[in-house]
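Everything on this sheet refers to the single structure shown next.
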Amino acid sequence: MPLFLNNQDQEQSITAREAIDSLEEGIRQLARGDGIRRPRIDNLIPTSRPDEFFSFSSMEGGMRKPGYYALRIKPDILSWPIINGVPRRVTYCYKPGLYGGLVLLYSVENAELLAIMNDGYIQHLRVAANAAIGAKYLAKPDAKVLGMLGSGGMARSFAETLSVVRPIKTIKVFSPTKINGEKYAREIAVKVGCEVVPVGSAKEAVRDADIVAACTNSMTPVIEGDWLEPGTHITNVMSWELGPDVCTRINTVGLVLRRTPPSVAGYVDDDFAIRMNVMSYTAGTPEERAKIPLSSWVAQGIKERQRYPYGRYVDCVNWETGEPYRRASNDEITTLATQSFGTLEGEIGPSAGIQGVQFASVGGRIFDGARQKGIGAELPREMFLQDIPT
């Protein structure tokens, strides 16, 4: 019987370490040709409100073993307001404060629907697990201090997964909303089991940190290059959180997977364009479409290999031999090719990533855990089957 797993069910069904291990195995399968992913595509339609768009985002992927295939769908109302002088990306479904994303998990063996999941918890966990894999191979082995920018769901998941791969003793967290930072500190100190200290500025969070994590919804840089200490590992959620001055400080850029950067140069289809670094189709007048922001990279004409002018690209691990990357110097400033989820992204940013494999890997492990523990609501199989061929 298919399972419905809400966010709370999912959290009970998997640990941070299991998420990291399952994703690493999924990446290994993709590297050897036993996994696939379909790029992310966003479809946008203007609403009756002048600054809001309906957005339907989807991505998918799977692997041979243990034989899971995942489709993630994300319906949103999307806007880009200026908040405290900074442009932010704001989403909701139905009404502010609610969200409608789902992950559908299928069996590769018989095409059966196995689970329907709310996408909030798994979304944060799969991004954080990928960031942790980057830190596992790129951060200093004795990294103890984590500087956290942001206090939302991503910041919580990043704290958990990074603490699995490195001996984190102290987390310094900065949130522009003080009460949120204080709440984060109380909750994460218990969950992760380390000291968590709210600080008054982003600069203070970055100072003396071995790992810096930017987990914000800002569409402008949140870190300055001269704040970084030698030896820092930087991880982030969105490409625009790191400005050019930070990127020039980075010596080493890790790839979780060596793939040819996808290119859609020359691809022509009505209503198709690259918006927010994503492959997209958009309805509306030219004036309405112009309201959708380009990423800073597209606007500046920056390609992935130009983003880190002094950085060299390395494989985090050789998947054939299992040989990990070893730092050439303890002073290296490192990062993962995060925005493309650990691969070279070419011109299409998030559409080049391995999100589909992430959802299949982590979602499959959540499903296994839920079955083992008897968690989730069973749904009648016949609801999702029919005897009419399609």
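Taken together, the values in this text are just the output of simple stated rules run on the coordinates, not laboratory data. These numbers were taken from a predicted model, which means no experiment stands behind them. Here the Cβ positions follow ideal geometry from the backbone for every residue, glycine too, while neighbour counts run over all protein chains shown.
Per-structure values
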{"item": "Estimated 222 nm signal from helices in the chain, with DSSP H stretches of n ≥ 4 weighted -39500 (n - 2.57), rounded to 500", "result": "-8500 deg cm²/dmol"}
{"item": "Built amide H within the under 5 Å cut-off of Glu332, gap 5+", "result": "Gly231"}
{"item": "Span-like helix ranges in the chain, DSSP H, alpha carbon extent 15 angstrom or more, Kyte mean at least 0.5", "result": "153-165"}
{"item": "Fluctuation leader among Ser218, Ser58, Ser263 - the chain, Gaussian network, Cα springs under 10 angstrom", "result": "Ser263"}
{"item": "Karplus (6.51, -1.76, 1.60) ³J(HN,Hα), θ = phi - 60°, over segment 68-80, in Hz, Gly and Pro reported as x", "result": "10, 10, 10, 10, 9, 10, 9, x, 9, 9, 10, 8, 9"}
{"item": "Full-extension gain in nm, Thr248 to Glu378, via 0.36 nm per residue minus C-alpha separation", "result": "41.6 nm"}
{"item": "Which listed pairs, of Lys178/Lys203; Lys140/Lys373; Lys144/Lys183; Lys95/Lys203; Lys191/Lys373, have C-alpha distances above 27 Å, in listed order", "result": "Lys140/Lys373; Lys95/Lys203"}
{"item": "Among (i) 22.6; (ii) 18.7; (iii) 19.9, the entry derived from the coordinates for mean projected area of the Cα convex hull in nm²", "result": "(iii)"}
{"item": "Order of Phe384, Phe359, Phe367, Phe341 - criterion: other Cβ atoms within 10 Å of each residue's Cβ, fewest first", "result": "Phe384, Phe341, Phe367, Phe359"}
{"item": "Within a Gaussian network of the chain (alpha carbon springs, distance under 10 Å), most fluctuating of Arg40, Arg88, Arg249", "result": "Arg88"}
{"item": "Considering only the chain, percent of DSSP beta bridges that pair antiparallel, nearest 5", "result": "55 percent"}
{"item": "Note, ³J(HN,Hα) from phi for segment 209-216, Karplus 6.51, -1.76, 1.60, rounded to Hz, x at Gly and Pro", "result": "7, 7, 10, 10, 10, 9, 10, 10"}
{"item": "Residue among Pro96, Pro293, Pro176 with the largest mean-square fluctuation in a Gaussian network model of the chain, springs linking Cα atoms under 10 Å", "result": "Pro96"}
